[in-house]
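What follows is one structure encoded as structure tokens, with my remarks underneath.
Quick note: the coordinates plus some simple rules give every number you see, no bench work behind them. Note that this is a predicted model, so its numbers are computed, not measured. Positions of Cβ are backbone-derived with ideal geometry, glycine not excepted, and every protein chain shown enters the neighbour counts.
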Amino acid sequence: MENNPEIFGFRNLVDGLRNDEASRTFACLYCDASFVKGMIYPVDGGNAEARRAAELHVEKTHGGAFRALLETREAGLPVVQEKVLRLLYDGMTDAQIAEALGGKSASTVRNHRFALRKRETESRVFLALMGLLDRQRPDTQRFVQYPSTMSPQDERVMVSESEAKNVETRFLEGDGRGGIVLTGWPKKQKDKLVLLKRISSLFQRGKRYSEKEVNAILRPVWSDHVTIRRYLIEYRFLERTSDCSAYWIP
């Protein structure tokens, strides 16, 4: 999860799905699987419409939205709280959880539960504060979000949205047909990431591309399209199968 691999709405995170109106699909947040609205899919010897098929995919392939979300970097829970949360989700009692934690007391488990609820309250308050900030100052500086599957990021690659626009102005121009062309390739990593993110937007989320199709999209952008393709893979803007037969947006 831009992976946040990108930041998704609360409902998306709870379901493990993205309702993509543009492509008319229900797309899994944790892999490239997508289910076209209006289509019927074979599931467990029967049939299911797209949304139900997508829900079953998240459950069977990723262990459900709860477990998949808990394993993302954005969850940010201490190990013991993560374990308590898993055990609570599995329906264990305080006594059973205490035993699973190595013979702790039930009161210790209750303290962990209290800490989790406190964290929930703090998160809600923080979301409200950020929402009020955006309402009061819609121009508040935001940073470009990169795929969550990308290698750990630090302040050296943090770029504000206004800075990103400046990078695009310096290194990109239109091709006259609605596409983009690189006028040069920057030396700074953070500038490269801005351009790679923009180039990755040429691909449709939820669609799988052959290598030939990827090359056809990238060739008009830059003469050395093979290098651009390699960077897109290296920085996880694109994923591909081990035999390079399919590429997709993570």
Divide, for the stretch 77-136, the radius of gyration over alpha carbons by 2.2 N^0.38 Å, where N is the residue count. 1.44
Evaluate E = 1/(1 + (r/R0)^6) for R11 and R113, where r is the Cβ-Cβ distance and R0 equals 30 Å; express this FRET efficiency to the nearest 0.05. 0.75
Rounded to the nearest 500, the 222 nm mean residue ellipticity computed for the chain from DSSP H runs (n ≥ 4, each -39500 (n - 2.57)) alone is -14000 deg cm²/dmol
Starting from the Cα-Cα distance between S201 and L88, subtract it from 0.36 nm times their residue separation and give me the gain in nm to one decimal. 36.7 nm
Reach of K188 by Cα under 26 Å, taken over lysines that are not fewer than 8 positions away in the same chain: K165, K197
For G206, what residues show an amide H to amide H distance below 5 Å, using hydrogens built from the backbone and excluding near sequence neighbours? I249
Cβ-Cβ cut-off under 9 Å around V181, Lys and Arg +1, Asp and Glu -1: the net charge is -2
Using a Cα-Cα cut-off of under 19 Å, which aspartates and glutamates could be cross-linked to K192, ignoring same-chain neighbours fewer than 8 residues away? E2, E6, D154, E155, E161, E163, E168, E173, D224, E234, E239
Label selected from (i) 7, 34, 40, 18, 1; (ii) 7, 29, 29, 20, 11, 4, 0; (iii) 6, 23, 29, 24, 13, 4, 1, the criterion being P(r) over Cα pairs in 10 Å bins from 0, in percent as computed here: (iii)
Output ³J(HN,Hα) for the stretch 192-204: one whole-Hz value per residue in order, computed from phi by the Karplus curve 6.51 cos²θ - 1.76 cosθ + 1.60 with θ = phi - 60°, and x for Gly and Pro. 4, 5, 4, 5, 5, 4, 5, 5, 5, 5, 6, 9, 8
For the stretch 163-198 and the stretch 60-112, distance of Cα centres in Å: 44
In terms of modelled amide H atoms, which long-range or inter-chain residues lie less than 5 Å from the amide H of A48? Y41, V43
Under a straight-distance cross-link criterion of Cα-Cα below 19 Å, which aspartates and glutamates are reachable from K118, leaving out those fewer than 8 residues away in the same chain? E74, E82, D94
